[in-house]
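Asker: Dropping a structure here in structure tokens format, bear with me for questions.
The values are calculated or read from the model by the stated rules, or taken from the named source; none is laboratory data. None of these values were measured; they are calculated from a predicted model. Here the Cβ is made from the backbone with ideal geometry for all residues, glycine too, and neighbour counts use every protein chain on show.
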Amino acid sequence: MTFLPDLTVMLAYTAAAVILVITPGPDMTLFLGQTLTGGRARGIAAFLGASTGLVVHTMLAAFGLSALLAHSATAFGVLKIAGCAYLLWLAFDALRRGSALTLAPGAGAPQPLGQVFLMGVGINLLNPKIIMFFLTFLPQFVSASDPHAGAKLMFLGLYFIGLGIPICLVLILAAERFTAAIRRSPRLMRAIDYLFAGLMGAFAVRLLFARAD
């Protein structure tokens, strides 16, 4: 199938995607917070909303990057190199500020599931970090000379979402235990921060030595 990257690329991408899924951010804060304050149904609604936003980001990134590649392979390569600086900044920011999981205790006011879903969509779509992430992360796994780059970008984005579904659903089902474990052991979150920073740094180095891809 022309949209499938080779096995080594898929293994590297899968490992990176799993680390990124378990790294806390605004989406995780939302669906875990909704779970803790309003129950699992609200947590799942928030997660589905965030996932819908990721689908939109995937489509925009795939079509936008494909158009850029069709217009200029050089410009596509420049984007990949520019992404190096962004990835290094993400690594530095993770070490400097730590993870963005800020769950406030207490019960929230009841909200319809549809409203919670839309909240998830909005928070995801309006997060500039996610936009930059898709524009800098996905191109690393596609060669500028690949005639099927657009299809592969689309597949990788949707695959990222698919990988996150079982992981996030487990987190929602175990939200109380998960958040309690985090509060008891700040070292756990710090370990995730270092893992994330190491991953971003490794991909930045990979970009520096793969300018001709």
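Asker: Do the conditions hold for GLY83, that is, is it touching a Ser or Thr at 6+ places or on another chain (Cβ under 6 Å), farther than 30 Å from TYR194 by Cα and modelled with pLDDT under 80?
Answerer: Numbers: touching a Ser or Thr at 6+ places or on another chain (Cβ under 6 Å): yes; farther than 30 Å from TYR194 by Cα: no; modelled with pLDDT under 80: yes.
No.
This table checks each residue for (1) surrounded by 12 or more Cβ atoms within 10 Å (Cβ to Cβ); (2) modelled with pLDDT of 85 or more.
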position: PRO112; (1), (2): no, yes
position: GLY120; (1), (2): yes, yes
position: PHE133; (1), (2): yes, no
position: ALA144; (1), (2): yes, no
position: HIS148; (1), (2): yes, no
position: GLY157; (1), (2): yes, yes
position: ILE167; (1), (2): yes, yes
position: GLY198; (1), (2): yes, yes
position: ALA204; (1), (2): yes, no
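So that you can scan it fast, the table gives a plain yes or no per residue for (1) modelled with pLDDT of 75 or more; (2) surrounded by 12 or more Cβ atoms within 10 Å (Cβ to Cβ); (3) closer than 30 Å to ALA180 by Cβ:
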| residue | (1), (2), (3) |
| --- | --- |
| ALA62 | yes, yes, no |
| GLY77 | no, yes, no |
| ALA94 | yes, yes, yes |
| SER99 | no, yes, yes |
| ALA109 | no, no, yes |
| PHE117 | yes, yes, yes |
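Asker: In addition: Here's a check for you: in the stretch 123-171, which residue that is touching a residue at least 12 places away in the same chain (Cβ under 8 Å) and of a type in the set (Gly, Ala, Ser) is nearest to VAL55 (Cα to Cα)?
Answerer: Among residues in the stretch 123-171 that are touching a residue at least 12 places away in the same chain (Cβ under 8 Å) and of a type in the set (Gly, Ala, Ser), the one nearest to VAL55 (Cα to Cα) is GLY157.
Asker: Does LEU69 fit the bill of being more than 13 Å from the chain's Cα centre (by Cα), more than 25 Å from LYS152 (Cβ to Cβ) and either buried (at least 18 other Cβ atoms within 10 Å of the Cβ) or modelled with pLDDT of 90 or more (or both)? Can you show your working first?
Answerer: On the way: more than 13 Å from the chain's Cα centre (by Cα): yes; more than 25 Å from LYS152 (Cβ to Cβ): no; either buried (at least 18 other Cβ atoms within 10 Å of the Cβ) or modelled with pLDDT of 90 or more (or both): yes.
No: the conditions fail for LEU69.
Asker: Going by what's in this entry, would THR35 be described as in contact with a Lys or Arg (Cβ under 7 Å, 6 or more places away or on another chain), more than 17 Å from ASP146 (Cβ to Cβ), crowded, with 21+ Cβ neighbours inside 10 Å and not aromatic (Phe, Trp, Tyr)?
Answerer: Details: in contact with a Lys or Arg (Cβ under 7 Å, 6 or more places away or on another chain): yes; more than 17 Å from ASP146 (Cβ to Cβ): yes; crowded, with 21+ Cβ neighbours inside 10 Å: yes; not aromatic (Phe, Trp, Tyr): yes.
The answer is yes for THR35.
Asker: I'd like the residue in the stretch 120-156 that is charged (D, E, K, R) and in a helix (DSSP H, G or I) and, out of all such residues, is nearest to the chain's Cα centre (by Cα).
Answerer: If we filter the stretch 120-156 for residues that are charged (D, E, K, R), which is where we start, we get 129, 146, 152.
If we keep only those that are in a helix (DSSP H, G or I) too, we end up with 129, 152.
Working: LYS129: 9, LYS152: 17 Å.
Out of the qualifying residues, it is LYS129.
Asker: I would also like to ask the following. Tell me, which residue of the stretch 43-80 that is of a type in the set (S, T, N, Q) and not in a loop (DSSP other than H, G, I, E, B) is farthest from ILE192 (Cα to Cα)?
Answerer: Selected residue: THR74.
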